[in-house]
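J.: First the structure, which I've put down as structure tokens, then a few questions once you've had a look.
The values are calculated or read from the model by the stated rules, or taken from the named source; none is laboratory data. Just so it is clear, the structure is predicted and the values come from calculations on it, not from any experiment. Here Cβ is always computed from backbone atoms with ideal geometry, including for glycine, and neighbour counts include all displayed protein chains. SASA here: full protein model, heavy atoms, side chains in, ligands and nucleic acids out. Shrake-Rupley method; radii C 1.70, N 1.55, O 1.52, S 1.80 Å.
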Amino acid sequence: MEPPENYSTSTSFAVPFEDAQKIILRWDSTASEEARERMIFGGDRQEVDLYLQAVDEIQKSMSSTSISPPSSHHHDQDSNSNKVNSAIQIAMARLEDEFRNILINHTSPVEVDSLFIPDHAPAPASSLNHNTSSVGSSNEFDQEEVGGGDHVDALDPIQRADSSNSSASYRSTSSIREIDLIPQEAVADLQSIAKRMISAGYLRECIQVYGSVRKSAVDASFRRLGIEKLSIGDIQRLEWEALETKIRRWIRAAKVCVRILFASEKKLCEEIFYGIGTAIDDACFMETVKGPVVQLFNFAEAISISRRSPEKMFKILDLHDALMDLLPDIEVVFESKSADSIRVQAAEILSRLAEAARGILSEFESAVLREPSRVPVPGGTIHPLTRYVMNYISLISDYKQTLIELIMSKPSTGSRYSGDPTTPDMEFAELEGKTPLALHLIWIIVILQFNLEGKSKHYKDLSLAHLFIMNNVHYIVQKIKGSPELREMIGDDYLRKLTGKFRQAATSYQRATWVSVLYCLRDEGLHVSGSFSSGVSKSALRERFKTFNAMFEEVHRTQATWLIPDSQLREELRISISEKLIPAYRSFLGRFRSHIESGKHPENYIKYSVEDLESAVLDFFEGYPVSQHLRRRSQ
């Protein structure tokens with residue numbers, strides 16, 4: 001409300017000093033029960049106008065008293081000065097109470113539900129909730145932890161907003177959106193009081209009252225947003241699983257705080273204190289939000305300096321992306337000189353999050369290389385390390401845009417000239433044109449294979465060792481093919497190299513297993529010479545059939561328990577085995593069957609038909625023992 005000189009003569013009138021003093025004293029809450037129980041700004045507007053004009057007259061009198069000419073009587077001057085000063089103190093105490101009361105009556109926590117406007121825009125990639133704690137499982141993505149439909153009512157407002165729509169609402173908090181925290185009529189009253197308090201020299205009291213009430217409102221909004229008062233130490237002592245949930249909550253809440261709450265608090269300060277004095281609005285704004293801002297940023301800072309471990313990578317990147325996205329708005333909302341520390345803190349946290357991500361990637365590479373497990377996985381199937389690593393780097397590829405900017409240096413690798421048997425070779429000349437991030441991903445795959453080669457040596461059966469390498473490298477290839485982002489970074493040249501490696505392992509398996517079995521089906525050593533001989537040694541032939549039967553039965557018994565999890569790869573290897581085994585057995589049987597069947601007990605030697613072998617091959621690589629012996633051929 002403007003001072004009385006701005007009112008028209010039809011709506012206001014000058015209040016003589018004596019009358020102004022009476023009005024001020026009538027509302028002295030220390031001397032009147034009625035004054036204590038009633039608020040001026042809660043009643044008749046004429047009463048409000050009259051009181052403000054009385055304050056203006058007292059202030060005018062104070063000015064004229066201070067500049068009275070020296071010829072005035074000192075006694076009268078001192079008396080008038082005391083009266084004016086007393087009236088001013090009473091008036092300012094009253095206005096301070098009125099200021100506080102208006103603020104309190106029109107202050108309430110922001111309704112969180114109203115800040116999330118559902119829309120159908122897909123969430124950005126960085127907001128995907130990856131369950132890194134179970135990255136070794138086939139389910140790579142964690143569902144949002146907001147409960148099922150029957151439990152939505154029990155959720156807090158920010159969770160209800162999320163559960164009501166899977167993408168609620170990145171759009172609504174994607175830019176600064178100021179809202180009216182206090183009705184405009186109340187803002188006008190607050191401004192009229194603030195002008196008079198500040199002109200009377202009560203700036204500090206005005207700022208303290210304002211900051212105290214508005215900070216309580218911000219604190220209440222923080223509680224509704226789920227922002228807890230935790231020290232950096234408290235945060236670092238929490239289990240990571242609990243922190244993951246808090247990080248998701250913080251990212252959503254930080255968008256609301258910076259772009260809506262803090263921006264709206266700044267707007268309110270500007271409206272109330274505009275034109276009153278230099279930077280007063282900024283002083284009130286900082287008085288209100290500095291504590292909450294520190295509380296908000298302490299969380300991200302605690303995460304940025306926490307102990308590094310691979311499962312933290314993706315939430316740290318989520319935090320980094322969220323803060324990077326917010327940084328321009330932080331610069332706008334906290335543009336003043338007095339807010340330098342806030343802008344600096346945000347930039348420093350962003351830098352530490354980036355450094356944490358780089359450090360975690362480096363530590364992850366070292367962990368993959370040194371992973372110590374020595375117990376062979378049963379059946380030569382996919383090693384848990386392979387699943388973990390490939391799921392992990394698939395998730396890394398989802399953050400490609402961020403990590404390409406953060407990862408600026410090539411990995412520290414061995415070379416073929418280093419002579420270090422504990423580190424694999426990797427020559428960058430073969431990978432020219434790749435980004436540092438792509439080189440890191442390829443390096444992780446190289447050291448994974450190096451580790452797997454070491455683990456394969458713990459198998460006593462060489463065939464199983466080859467099958468183990470085949471399974472694991474095939475899984476690596478399939479994971480790369482299944483992720484367009486990962487495939488683009490790895491490149492088709494290196495993918496072909498990996499494909500050749502698992503095919504070579506399949507060939508090595510077949511040689512290790514089947515060369516000795518097929519060797520039984522050769523003609524050499526079966527023919528004899530002599531005029532009374534048929535040209536074939538029946539004893540040697542019987543021994544050859546017995547050896548083949550025993551070897552095939554052992555292979556069948558053993559390799560039925562081996563496992564190829566990928567059905568297509570399993571079928572391809574069975575077909576490859578059959579293409580070598582079945583024609584060789586059919587031919588051998590055709591050439592020598594009659595020699596066995598013409599003798600005694602042929603069934604002891606020709607135990608299996610071609611069809612029996614074809615059926616037996618289907619038992620291979622299923623991962624469990626065969627329930628019965630090979631089915632004997634029909635007699």
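J.: Among the residues of region 193-232 satisfying the criterion of being of a type in the set (Val, Ile, Thr) and in a helix (DSSP H, G or I), which is surrounded by the most Cβ atoms within 10 Å (Cβ to Cβ)?
T.: That would be Ile193.
J.: With respect to Glu178, determine if the residue is among the acidic types (Asp, Glu), in contact with a helix residue (DSSP H, G or I) (Cβ under 7 Å, 6 or more places away or on another chain), open to solvent by 50 Å² or more (accessible area, probe 1.4 Å) and at pLDDT 90 or above.
T.: Criteria met by Glu178.
J.: Restrict the check to region 508-529 and report whether at least one residue is under 28 Å from His601 (Cα atoms), among the polar types (S, T, N, Q) and either part of a helix (DSSP H, G or I) or in contact (Cβ under 8 Å) with a residue 60 or more places away in the chain (or both).
T.: For region 508-529, residues under 28 Å from His601 (Cα atoms), among the polar types (S, T, N, Q) and either part of a helix (DSSP H, G or I) or in contact (Cβ under 8 Å) with a residue 60 or more places away in the chain (or both): present.
J.: Output the residues belonging to region 16-38 that are under 60 Å from the mean Cα position of the chain (by Cα) and not in a loop (DSSP other than H, G, I, E, B).
T.: Once the filter is applied, which keeps residues that are under 60 Å from the mean Cα position of the chain (by Cα) and not in a loop (DSSP other than H, G, I, E, B), region 16-38 yields Ile24, Glu33, Glu34, Ala35, Arg36, Glu37.
J.: State yes or no: is Gly454 surrounded by fewer than 21 Cβ atoms within 10 Å (Cβ to Cβ) and farther than 17 Å from Lys400 by Cβ?
T.: Criteria met by Gly454.
J.: Tally up the residues in region 391-402 that are out of contact with any Ser or Thr (no Cβ under 6 Å at 6 or more places or on another chain) and over 17 Å from Ser309 (Cα atoms), please.
T.: Of the residues in that region, 5 qualify.
J.: OK, next. Of all residues in region 41-82, which are aliphatic (A, V, I, L, M) and either open to solvent by 50 Å² or more (accessible area, probe 1.4 Å) or at pLDDT below 90 (or both)?
T.: Ile58, Met62, Ile67
J.: Then there is this: Got at least one residue in region 582-593 being hydroxyl-bearing (Ser, Thr, Tyr), open to solvent by 30 Å² or more (accessible area, probe 1.4 Å), on the phi < 0 side of the Ramachandran plot and at pLDDT 95 or above?
T.: no
J.: Applying the selection to region 488-500, what residues are without any contact (Cβ under 8 Å) to a residue 24 or more places away in the chain and open to solvent by less than 90 Å² (accessible area, probe 1.4 Å)?
T.: Residues satisfying the conditions are Asp492, Leu495, Thr499, Gly500.
J.: With region 299-398 as the region, which helices (runs of 4 or more DSSP H) entirely inside it contain at least 2 residues that are in the same structural domain as Ser231 (by the TED database) and open to solvent by 40 Å² or more (accessible area, probe 1.4 Å)?
T.: Counting at least 2 such residues, we get 313-333, 340-370.
Per-residue answers, yes or no, for (1) in contact with a strand residue (DSSP E or B) (Cβ under 9 Å, 6 or more places away or on another chain); (2) modelled with pLDDT of 95 or more; (3) surrounded by 15 or more Cβ atoms within 10 Å (Cβ to Cβ):
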| position | (1), (2), (3) |
| --- | --- |
| Leu526 | yes, no, yes |
| Ser531 | no, no, no |
| Ser534 | no, no, no |
| Lys546 | no, no, no |
| Met551 | no, yes, yes |
| Leu563 | yes, yes, yes |
| Arg570 | yes, yes, yes |
